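Q: First, the structure itself, so that you have it in front of you.
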Amino acid sequence: MPQPSEGVTYAEKINKAEALIDWRQDAVLISRRVRAFNPWPVAETRLDGAQLRIWDAEMLDPEMTPSNRALTGTVPTIEPGTVLAATHAGIDVACGRGVLRILRLQLAGRKPLCAQEFIKGQRLDGARFAPA
């Protein structure tokens, strides 16, 4: 069946640079980008200079920001991209607004792993993912 030509727009080809995670963005937006770029080009960031692909993630707390963490007195101001916790449930990362839990990830040249397996082989205490 022919489609109406009204409202037609051209969609540019997705390029890999669009998949770079900017941790200063909201956790909601980053979570959506992780889903949108799976299976290609896969959302990515840097850990100690190495490429790190994020295959699956979920938003934890959409309202938590570095400034209101400091106001509660629980933690000093935290830079976006900082690992807050690495547990069997996932890797919690501070974003510009909110907290993102990484569930499945992959170092360059390695196979994708669930967060629980990944943290067995990687030290993430005080780690910070590099912004795009």
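Q: Within the accessible area of the chain, what % is carbon and sulfur when the probe is 1.4 Å and the other protein chains stay in place?
A: On the way: 4200 of 8130 Å².
Of the solvent-accessible surface of the chain, carbon and sulfur hold 52 percent.
Q: Considering only protein heavy atoms, with the full assembly of protein chains and a 1.4 angstrom probe, order M59, M1 by accessible area, largest first.
A: Ranked list, largest accessible area first: M1, M59.
Q: For the chain, what is the calculated [θ] at 222 nm in deg cm²/dmol (nearest 500), taking -39500 (n - 2.57) for each run of four or more DSSP H residues and dividing by its residue count?
A: It lands at -5000 deg cm²/dmol.
Q: Over the Cα atoms, compute the radius of gyration (one decimal) and Dmax (the largest Cα-Cα distance, rounded to a whole number) for the chain, in Å.
A: Using the Cα atoms of the chain, the pair Rg, Dmax is 16.7, 62 Å.
Q: Of the chain, which part is the longest with no GluC sites (Glu not before Pro) in a loop (DSSP not H, G, I, E, B) and with at most 15 other C-beta atoms within 10 angstrom?
A: 64-132
Q: Okay, moving on. Ranked from the most accessible area to the least, with a 1.4 Å probe and all protein chains present, what is the order of R123, R104, R35?
A: R123, R35, R104
Q: Relative contact order of the chain: what whole-number percent is it, with Cα pairs under 8 angstrom and at least 6 residues apart?
A: 27
Q: Order T87, T82, T45, T77 by their accessible area, 1.4 angstrom probe, all chains in place, largest first. Could you put the intermediate results ahead of the total?
A: Values: T87 55, T82 30, T45 5, T77 95 Å².
If we order T87, T82, T45, T77 from most to least accessible, we get T77, T87, T82, T45.
Q: If ligands, DNA and RNA are left out, what is the accessible area of I78 with a 1.4 Å probe, given in Å² to the nearest 10?
A: Result for I78: roughly 20 Å² accessible.
Q: So how exposed is R128, as accessible area in Å² (1.4 Å probe, rounded to 10)?
A: My reading of the accessible area for R128 is about 110 Å².
Q: When a/c reaches 1.5 or more, the comparison of a/b and b/c decides; with that in mind, is segment 76-116 rounded, prolate or oblate per its Cα gyration tensor?
A: prolate
The values are calculated or read from the model by the stated rules, or taken from the named source; none is laboratory data. Because the structure is a prediction, the values reported are computed rather than measured. All Cβ positions, glycine included, derive from the backbone under ideal geometry; neighbour counts span all protein chains shown. Note: areas computed on protein heavy atoms with side chains; ligands, DNA, RNA excluded. Shrake-Rupley method; radii C 1.70, N 1.55, O 1.52, S 1.80 Å.
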